[in-house]
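Report on the following structure.
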Amino acid sequence: MYSFDMVRPTSVADAVSALGQEEAQALSGGQTLIPTLKQRLASPSVLVSLTGIAEMQGVCREDSGDLAIGGGTTHATVAAEAASIYPALAKLAGGIGDPAVRNRGTIGGSLANNDPSACYPAAALGSGATIVTNTREIAADDYFQGMFTTALEEGEIITSVRFPVPEAAGYAKFEQPASRFALTAVYVAKYADGVRVAVTGASENGVFRWTEAEAALSSNFSPDAVAGLSLSGDDMISDLHGTGAYRAHLVGVMTKRAVAAAG
Amino acid sequence: MAEVTMKVNGKAVTKSVKGNTLMTDFLRDELRLTGTHVGCDTSQCGACNIHVNGSLVKACTMFAAEADGAEVSTIEGQSAADGTLNVIQQAFQDHHGLQCGFCTPGMVMAAASLLKENPKPSEAEVRDYLEGNICRCTGYHNIVKAILAASGQDVSAIAAE
């Protein structure tokens, strides 16, 4: 690793001011950033650790009925504390990586990184969540802007994420067995005004909504509803784990499984 | 350099660390607690698993400065002061849950976390929890058996392999 300093602010305001320094970089759970630093793919002058900020921790149900999760909340905490409010989201969190990774990795870190094969982007887009930062609120539909690219500005911090709680939801992940990332995974959520379907691990452009499946499932919320639908594999990720055509096929299969899991 | 203070295996320590000092390097090089092993250094193998404030974490994927104020447990703190093994360590010995022993510290720390969360896990739950721990010798069978035995379950029907 290159050398850098580390600061651990205890408030969002102090973190924002620390991030104003030249070449400063936010550090949340570090489960992606620390391996990146080891490979010398990043060279910050100072890391601003967000793990000591109490106001960014925890899971709570707001008066509106929405589920709010602090940006610094670990996957393990979401898995445990969101289970009674939004079971599909808790199950997704409990399936990320392995137990040790879930005890460090955070929802804010995952969404800020926007790995094209990560789980949380599918939940946030599939739920129509709101990404709350220190300066504004961003709808998930506007937030994800392609592989490893988001609407976040330099130095902007995800302080919390607000999820409308659906009537039913399910997540089906075809796991890449070595990394436990999604080879392809689909999140399906049914709301009073329609169904949302978000796909991760498949597209070269990162997480996306499968609108044809949304229309079909909005009129008939059953696995059979998407039986005749298919996607092109042309813009899908193609690597040694699977071709674009294979991933396109998996999207259909995982969508059916996600609907079946939603019950 | 920043000063960090933490409790490691019940003992208070205060040291100056660089921003990029990993917890593995802090434990091994500064505190000479070399039981925390570095297998892959890429968060895959779990040989460096420790407990920070009671939670299982990979010490290679956390900075020492982030543990300021924390309670840390390592493999060195698992046995009694006179060297008597704890129930998990003893079960690993009794059921041949190790061969070369390199992954064992991480396995024991993971097993301790599992049994705290789930005192009577099924075999499938043990295997699922060990997803982040790699062993290149045993084929996992006797590790799983040892953990089931440490949980007080009867493993006599599980054939030795």
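Details
- Scanning the range A:45-65 finds no residues that are within 13 Å of another protein chain (Cβ to nearest Cβ), of a type outside the set (A, V, I, L, M), in contact (Cβ under 8 Å) with a residue 24 or more places away in the chain and closer than 27 Å to A:Glu167 by Cα.
- Residue list for the range A:200-228, restricted to those being surrounded by fewer than 16 Cβ atoms within 10 Å (Cβ to Cβ) and in contact with an Asp or Glu (Cβ under 8 Å, 6 or more places away or on another chain): A:Glu204, A:Asn205
- Scan of the range B:81-139 for residues that are of a type in the set (D, E, K, R) and part of a loop (DSSP other than H, G, I, E, B), ordered by number: B:Asp82, B:Lys120, B:Arg136
- If the condition is being touching a Phe, Trp or Tyr at 6+ places or on another chain (Cβ under 9 Å) and closer than 26 Å to A:Ile85 by Cβ, then the range A:202-219 contributes only A:Val207.
- Verdict on A:Thr133 being farther than 22 Å from B:Leu114 by Cβ, in contact with a Leu (Cβ under 8 Å, 6 or more places away or on another chain), touching a residue at least 12 places away in the same chain (Cβ under 8 Å) and not small (Gly, Ala, Ser): yes
- A:Ala216 part of a helix (DSSP H, G or I), touching a Leu at 6+ places or on another chain (Cβ under 7 Å), over 23 Å from A:Gln145 (Cβ atoms) and not polar (S, T, N, Q): yes
- Sole exception among (1) away from chain A (no Cβ under 14 Å); (2) touching a residue at least 60 places away in the same chain (Cβ under 8 Å) for B:Ala65, by number: (1)
- Counted residues, the range A:74-93 - those being part of a loop (DSSP other than H, G, I, E, B) and surrounded by fewer than 24 Cβ atoms within 10 Å (Cβ to Cβ): 3
- Scanning the range A:28-41 for residues that are under 22 Å from the mean Cα position of the chain (by Cα) and touching a residue at least 24 places away in the same chain (Cβ under 8 Å) returns A:Ser28, A:Gly29, A:Gly30, A:Gln31, A:Thr32, A:Leu33, A:Leu37.
- Residue in the range B:16-41 that is nearest to the other protein chains (Cβ to nearest Cβ), counting only those that are acidic (Asp, Glu) and in contact (Cβ under 8 Å) with a residue 12 or more places away in the chain: B:Asp41
- Residues that are under 24 Å from A:Ala68 (Cα atoms), crowded, with 24+ Cβ neighbours inside 10 Å and in contact (Cβ under 8 Å) with a residue 60 or more places away in the chain, drawn from the range A:174-197: A:Ala185, A:Val186, A:Tyr187, A:Val188, A:Ala189, A:Arg196, A:Val197
- Residue within the range B:42-57 that is in a loop (DSSP other than H, G, I, E, B), in the same structural domain as B:Lys145 (by TED's automatic domain parsing) and touching a residue at least 60 places away in the same chain (Cβ under 8 Å) present: no
Residue-wise test of (1) modelled with pLDDT under 95; (2) more than 30 Å from A:Met1 (Cβ to Cβ); (3) touching a helix residue (DSSP H, G or I) at 6+ places or on another chain (Cβ under 9 Å).
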| site | (1), (2), (3) |
| --- | --- |
| B:Ala59 | no, no, yes |
| B:Thr74 | no, no, yes |
| B:Val87 | no, yes, yes |
| B:Asp94 | no, yes, yes |
| B:Met107 | no, no, yes |
| B:Leu115 | no, yes, yes |
| B:Ala160 | yes, yes, yes |
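- Considered as a group, the residues in the range A:86-107 that are touching a Phe, Trp or Tyr at 6+ places or on another chain (Cβ under 9 Å) and away from chain B (no Cβ under 14 Å) include one that is nearest to A:Met56 (Cα to Cα), and that residue is A:Ile107.
- Test: residue in the range A:38-49 that is in the same structural domain as A:Ala124 (by TED's automatic domain parsing), within 30 Å of A:Ala18 (Cα to Cα) and basic (Lys, Arg): no
- Matching residues, the range A:11-42, being part of a loop (DSSP other than H, G, I, E, B), in contact with an Asp or Glu (Cβ under 9 Å, 6 or more places away or on another chain) and within 11 Å of chain B (Cβ to nearest Cβ): A:Gly30, A:Thr32
The values are calculated or read from the model by the stated rules, or taken from the named source; none is laboratory data. Keep in mind that this is a model prediction, so the values were computed, not measured. Quick reminder, even Gly has a Cβ in these numbers, built from the backbone with ideal geometry, and neighbours come from all protein chains shown.
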